[in-house]
Structure formats: structure tokens, C-alpha cells
Amino acid sequence: MTRNLIILKAVSGAGKTTFCDLIKGPKVVCCADDYFYDIYGNYNFDATKLGHAHAHCRDTFDDAVESIEVENIIIANTNTKPADYAYYVNQATKAGFVITFVVL
């Protein structure tokens, strides 16, 4: 099985979530924005918690890399600078993933 890391590069509102829905097969979507949704589906952004949101995103990614059932991991953040996605690329490379960048 080929395992893929797909890194989306796009501004807010560009369709990252819609793109993720098009990817078939076992997948994990890692998105810092998910941290800000409550149990009722309300989005409650708090800039003071952005560091926690990105840590949660990395933790989700790390768990997915370790799972043998996950074929595709999608990083659905804005990823505007190499520093934004360097961790994911480094870890995925070590784990033998094929890495693809998609600019929306």
C-alpha cells in the first residue's frame, strides 16, 4: 500500500475542506481549525489558543502516521511558509510516505 501525505496550500475559504472530501480511501484530515469547533459544530476561534490548535493538528498527524490502516493524510492548513509544513514533510519522509503539494 502506498501511503500519501497531501499538503494543501490555500488561503482561508479556498476550498480545502471540499478538496478533502474528494479524496477516497482511509484518510485522516489534520486541520488546526478543527480545534475551535465545539460539540455543537459552532466555530469559536480564539487567537490565544492557536498554538494549542497546531499542537493538536500535529498530534493527530503523528497518530495517523503510526496507524497502518491510514493510506492518506491531508494537512489542510494554509501552509503559506515552509516552516508551516516542515514537520509534516520530515516525519512523513522518515515513514516512507509519498508527499504531494496541492495549491488551491
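The values are calculated or read from the model by the stated rules, or taken from the named source; none is laboratory data. The model shown is predicted, which means the values in this text are computed figures rather than measured ones. Neighbour counts run over all protein chains shown; Cβ positions are idealised from the backbone, glycine included. Just the protein is used for accessible areas: all its heavy atoms, side chains included, with ligands, DNA and RNA removed. Shrake-Rupley method; radii C 1.70, N 1.55, O 1.52, S 1.80 Å.
Which value, in Å to one decimal place, does the Kirkwood hydrodynamic radius take for the chain when every pair of different Cα atoms is included?
For the chain, the Kirkwood estimate is 14.0 Å.
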Dipole of the chain, positive end: most advanced residue of Val65, Tyr35, Thr80 [Cβ charges, Cα centre]
Thr80
Relative to the first principal axis of the alpha-carbon coordinates of the chain, what is the inclination of helix 82-94, with its axis defined by its Cα atoms, in degrees from 0 to 90 and to the nearest 10?
30 degrees
Considering Cα pairs under 8 angstrom that are at least six residues apart, work out the relative contact order of the chain and quote it in whole percent.
53 percent
Just the number please: accessible area per residue for the chain, 1.4 Å probe, all protein chains included, in Å².
61 Å²
The chain: which GluC sites (Glu not before Pro) are DSSP loop and have at most 10 other beta-carbon atoms within 10 angstrom?
Glu69
Only loop residues by DSSP count here, and only those with at most 16 other Cβ atoms within 10 Å; note down the trypsin sites (Lys or Arg not before Pro) in region 26-104 that meet that.
none
Only bridges whose two residues both fall in the chain count here: according to DSSP, what percent of them are antiparallel, nearest 5?
5 percent
Tell me the chymotrypsin sites (Phe, Trp or Tyr not before Pro) within region 18-73 that lie in a loop according to DSSP and have at most 13 other beta-carbon atoms within 10 Å.
Tyr40, Phe45
Rounded percent of accessible protein surface that carbon and sulfur make up, the chain, 1.4 Å probe
55 percent
